[in-house]
Structures are given as structure tokens and as C-alpha cells.
Amino acid sequence: MSDTSNINENSYNLTPILYDIRGFFILTFAYRNTLSSQVRFFAENLKGHHLECAIGTGTFTEICMKHARKKQPHQAFSLVGVDYSKALMGGAKRKLKGAELAIEDLRNMSYEDETFDTANLPNGYHTIADIDKAMYEIVRVLKTGGQLYMNVLLYPGTGLMNKISTKVNDYGQSIGILNRPYSREEILESLPKYGLRIDDERTIQNCIFIKTTKL
Ligand SMILES: C[S@@+](CC[C@H](N)C(=O)[O-])C[C@H]1O[C@@H](n2cnc3c(N)ncnc32)[C@H](O)[C@@H]1O
């Protein structure tokens, strides 16, 4: 699969509820992840002044916030959520009343350098065209020593389930909601160039989950 150029903020012009249903389908058949494994991973990094990148409809973040408040009640956080899709942000605004939400393109954000203590990029890396720009921007607005948690869709392996994953990925690329999957090696090799140290990485089915720190 090659990079596609049909990705833009209008790729997501769908009502938030339909978007969430489609997202659950993609999570199950392309990523082959469970919602709970993703929530446990990303909720852990909700601390301090937190940037939630590519927040979409806010449904996933809302679940992570509830999980964090229950499991880590002493770990305070204030959340800023950004996305470039106005259609999806409408859903996030209705759900996440206490959060600061903004329409921002991750490749060119309006925040000062070193603004955030932590950042998450859930299910977003592989959907972003020109990921290099977005990663340099996310690292720019993160404080030195701040942690960025992210996951990335990997090329499916072999077997029947992965044939289905490949079809779902092809569909995602055709409608502009998937840029492309990556290999584990290219992701791990690329992160140091943005100034990130890899603290932990693990692969669950077709997704790699990575904890990093800004050096
Ligand atoms: C698969 S969704 C993930 C949404 C949410 N994080 C979740 O896990 O359900 C990918 C999101 O990335 C956003 N996105 C893609 N490219 C972007 C960019 N350059 N700037 C801001 N948001 C972007 C899309 O609008 C979409 O909401």
C-alpha cells in the first residue's frame, strides 16, 4: 500500500454516531484490538496538562477519562483535545464538557513550545498525511521529559482474519480515512529522529503500542 493523497479534514464528514460504529468495526477487524486493552494503555498517560491528539468524536477519550478517574483517582489531569475535523469535533464538544477542545491541524498547531506535560495519539498516526510534520509538532508542544503514548496500525500478517484486515485497510484508504499501515521496524527506527526515547513497546495483533519520552 502506498501513501494516498485523498486524506483531508472532509474525509470525516460523517455523523459522530456513524463514525463511532464504523470505528468499532475497524478496531475489531483491522487493528484486531479490544477496546479495553486500548483504554487501559491510553488512560495511564492522562496526567498533568494533557494533549489528546486527533480526538475525533471524543468517545474513546471519554471512556479513557472515566477509566483514569476510577483507577488513578489521585492522578489529576486537565485535558486539551484537538482534531482538524469540524464534523467530529461537534460530537466531542457535546460529550467532553470539562475539556478544552480546539480545531487544530496536528501538522501546524497554535500552541507554544513545551506547553503540555503529556500527550496521547490514539489510533491517529496511520491516518495522518505527512506524519513527519505532525510528529515534530506534537513533540514541539510537549515539555521536555513529557510522555507521548501512541499506537500505530501495522501491515496485517497472514491467515483468514488478516485477509479481512487487508480488505478493511483497502476500504479505509479508498475513502481517505487511512493513510497507510507501517512496519514495526520503520516505526521504531523513526521515533528517535523526533527527539523521542522509546520506553516501552508491545504489539497486539495488528497494532504496535509505544510509550515514549521527549528528550
Ligand atoms: C481513527 S480517528 C481516531 C479518533 C480517536 N482518537 C479514537 O481513537 O477514536 C483519526 C482522527 O485523526 C484525525 N486527523 C487526521 N489527520 C489529522 C490532522 N492532520 N490534524 C488533526 N487531526 C487529524 C481525524 O480527523 C480523526 O478524527
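Taking the condition of a type in the set (A, V, I, L, M, F, W, C) and more than 8 Å from the ligand (Cβ to nearest atom), does ALA54 pass? Spelling it out, it is not the case that ALA54 is of a type in the set (A, V, I, L, M, F, W, C) and more than 8 Å from the ligand (Cβ to nearest atom). Test VAL39 against the stated conditions and say whether it is buried (at least 21 other Cβ atoms within 10 Å of the Cβ), within 13 Å of the ligand (Cβ to nearest atom) and either free of Cβ contacts under 8 Å to residues at least 60 places away in the same chain or in a loop (DSSP other than H, G, I, E, B) (or both). So VAL39 fails the test. Filtering region 135-148 to residues that are touching a residue at least 40 places away in the same chain (Cβ under 8 Å) and within 12 Å of the ligand (Cβ to nearest atom) leaves MET135, ILE138.
All conditions but one from (1) modelled with pLDDT of 95 or more; (2) in a helix (DSSP H, G or I); (3) hydrophobic (A, V, I, L, M, F, W, C) apply to LEU27; the one that does not is (1). Please go through region 175-189 and give me each residue that is surrounded by fewer than 16 Cβ atoms within 10 Å (Cβ to Cβ) and in contact (Cβ under 8 Å) with a residue 40 or more places away in the chain, ordered by number. Within region 175-189, just ILE175 meets the criteria. Is it the case that THR57 is over 24 Å from GLY145 (Cβ atoms) and either in contact (Cβ under 8 Å) with a residue 12 or more places away in the chain or acidic (Asp, Glu) (or both)? Taking the combined requirement at face value, the residue satisfies it.
Suppose we filter region 126-171 for residues that are part of a strand (DSSP E or B) and over 21 Å from HIS50 (Cα atoms); how many remain? The number of residues fulfilling the criteria is 2. Answer yes or no: is there a residue in region 155-166 that is surrounded by 15 or more Cβ atoms within 10 Å (Cβ to Cβ) and in contact with a Leu (Cβ under 8 Å, 6 or more places away or on another chain). There is no residue in region 155-166 that is surrounded by 15 or more Cβ atoms within 10 Å (Cβ to Cβ) and in contact with a Leu (Cβ under 8 Å, 6 or more places away or on another chain).
Residues checked against (1) more than 10 Å from the ligand (Cβ to nearest atom); (2) buried (at least 17 other Cβ atoms within 10 Å of the Cβ):
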residue	(1), (2)
GLU9	no, no
TYR19	no, yes
HIS50	yes, yes
THR59	no, yes
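Given the condition within 9 Å of the ligand (Cβ to nearest atom), in contact with a Phe, Trp or Tyr (Cβ under 6 Å, 6 or more places away or on another chain) and under 26 Å from SER183 (Cα atoms), answer yes or no: does some residue in region 114-125 qualify? Yes - at least one qualifying residue is present in region 114-125. For region 83-125, a residue qualifies if it is outside any loop (DSSP other than H, G, I, E, B), modelled with pLDDT of 95 or more, of a type in the set (A, V, I, L, M, F, W, C) and surrounded by 18 or more Cβ atoms within 10 Å (Cβ to Cβ), and the qualifying residues are LEU101, PHE116, ALA119, LEU121.
Number of residues in region 26-36 that are of a type outside the set (Gly, Ala, Ser) and within 12 Å of the ligand (Cβ to nearest atom): the value is 5.
The values are calculated or read from the model by the stated rules, or taken from the named source; none is laboratory data. None of the values given here were measured: they were computed from a predicted structure. All Cβ positions, even for glycine, are placed from backbone atoms using ideal geometry, and neighbour counts span all protein chains on display.
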